[in-house]
Each structure stands twice: as C-alpha cells, then as structure tokens.
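Asker: Take a look at this one; I'll ask things after.
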Amino acid sequence: MTEYDVAAIEAAVVDLRKQVSDLHSELTRYQLVIWTGGNVSGRVPGHDLFVIKPSGVSYDELAPENMVVCDLDGNVIPGTLGSDRSPSSDTAAHAYVYRHMPHVGGVVHTHSTYATAFAARNEPIPCTITGMSDEFGGEIPVGPFAIIGDDSIGRGIVETLSGHRSRAVLMANHGPFTIGKDAKDAVKAAVMCEDVARTTHIAMQLGDLVPIPQDKIDALFDRYQNVYGQKPQGGMA
Ligand SMILES: [Zn+2]
C-alpha cells in the first residue's frame, strides 16, 4: 500500500478544499442541482490528486474539511480530512477526465433542467447565440449513453470533448459534464451551459432557430478566447 505524506498533502490542498466547497454554492445559486445531486472537483496543482465533494452530504453541510482528496484513479487518500466519507458517486468519471486530459483542472456535473432536457432527446444544443459562440465556440455536443459504475462515463466525456472547443458535453439521457482550466472555470461552463440551453429551448418554442454562420462563430470564439486572455479550455481545439 502506498504511503502518503498526509501533512504535505493537507498543506497542498488547504486552499482548494475551500474553493471546491464554496463553488458548490454556485450550483444552488443558479438552481442547477436538487437534493444532494451535482458535484464539483478541482485538480491539486503539481500533484496527481484532486478534491471532490463527498457523497450524500446536503449542500448546507458542505465544508472545506469534508471535501474528499482522491488520487487520479479515484481512490481516497487515507488519513486525509474527509477520508472517512465516500467521495461523490461520480468520482470515477472525474478521475478518468483528470487522467486523460492533463490541461483540465476542474470538472463539474449537474442534472440542470434545460441542459438535461436536451440530453433526454440526445440532441446537441445548436449555436444560435453570440454569447454561446464566445463561451463554447459552437454547439454543445452529446456524448454516448453510459451507465455509472465503470470508466464508461469518463471515457465518453473525454472522447467527445477531445479536439472539441466546447467545455460542456451532454451525456445522452443523463445530463451535462463540464471541464475547465480550474474548478471555477468548470462551474462557469456549467452555469453557461444551462443558460444557453434554457434560451435555446424557449426560442425553439417560438419558431425556427437561425444559425450563426461558422466563420462568424469562429471569429467570435477567437476574439473572446484571445482578447480576454482565455485560451480554449475544451479539447484544446
Ligand atoms: Zn448524473
């Protein structure tokens, strides 16, 4: 069994524990989750570790000290704060993403209503809003149908987002997973994904969507990502 320097690990994760814990309040603020659903994780800079929400703990009880520290295979690091709890049931998917997408520093999963409604129809969210061009650089794609319990969700996320501009994927019949340069960036992608899903859904009730020409999407994305100093964080497309 691997011996861990728990004191050194705790020193490395002290800020991230607070950040990941606090970011969960953004999921409730923007009404992306109900009950104990949804989860945020963040990669520990310079270590093959990440910090993730515990399983089955109410949002009111989340605190830095009950966030769970895992290695990149999703194993809880024994002796660390929170290690008496189970990590989120989606930990294997987060771990798979961190193992296979080294530029990703944060992962978020929700069942937010409008994005999940697109997932229920296995339908990508088309890019018909300039703000979506800025943020996602095109459509938000659908990933494969995958059952929780092995690597299949993680593999579906990585295969769909690798080489794609989008930081969000709608896993078929399930809901959105988002990635980012850090946990906050992944939370922003989850909030924006739900926002564009809601607006697009309402627009679809009123008539036909008007697509934005690809060259205009490209120009908007390039300007937003570069002028604002935000390099693409999806599949590094
Ligand atoms: Zn889920």
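Asker: Can you give me the ranges of the strands (runs of 3 or more DSSP E) entirely in the stretch 106-199 with at least 3 residues that are farther than 21 Å from residue 91 by Cβ and within 15 Å of the ligand (Cβ to nearest atom)?
Answerer: Here the list is empty.
Asker: For the list (1) closer than 23 Å to residue 31 by Cβ; (2) buried (at least 23 other Cβ atoms within 10 Å of the Cβ), I need the number of the one condition that residue 98 fails.
Answerer: (1)
Asker: Return the pairs, sorted by first residue and then second, in which the second residue is assigned to a helix (DSSP H, G or I) and open to solvent by 50 Å² or more (accessible area, probe 1.4 Å), the first residue lies in the stretch 195-224 and is within 20 Å of residue 178 (Cα to Cα), the beta carbons are less than 7 Å apart, and the residues are 6+ apart or on different chains.
Answerer: From the stretch 195-224, the pairs are 197/114; 198/114; 201/114.
Asker: Of all the strands (runs of 3 or more DSSP E) wholly in the stretch 31-89, which have at least 2 residues that are under 22 Å from residue 168 (Cβ atoms) and within 16 Å of the ligand (Cβ to nearest atom)?
Answerer: Details: elements: 39-43, 49-52, 68-71.
Per the criteria, 39-43.
Asker: Here's something else I'd like to know. Looking at (1) open to solvent by 10 Å² or more (accessible area, probe 1.4 Å); (2) more than 18 Å from residue 16 (Cβ to Cβ), which one does residue 125 not meet, given that it meets all the others?
Answerer: Among (1) open to solvent by 10 Å² or more (accessible area, probe 1.4 Å); (2) more than 18 Å from residue 16 (Cβ to Cβ), the lone unmet condition for residue 125 is (1).
The values are calculated or read from the model by the stated rules, or taken from the named source; none is laboratory data. As the structure is a computational prediction, the values presented were derived from the model and not from experiment. Positions of Cβ are backbone-derived with ideal geometry, glycine not excepted, and every protein chain shown enters the neighbour counts. To get the accessible areas, we keep the full protein, side chains included, count just its heavy atoms, and leave off ligands, DNA and RNA. Shrake-Rupley method; radii C 1.70, N 1.55, O 1.52, S 1.80 Å.
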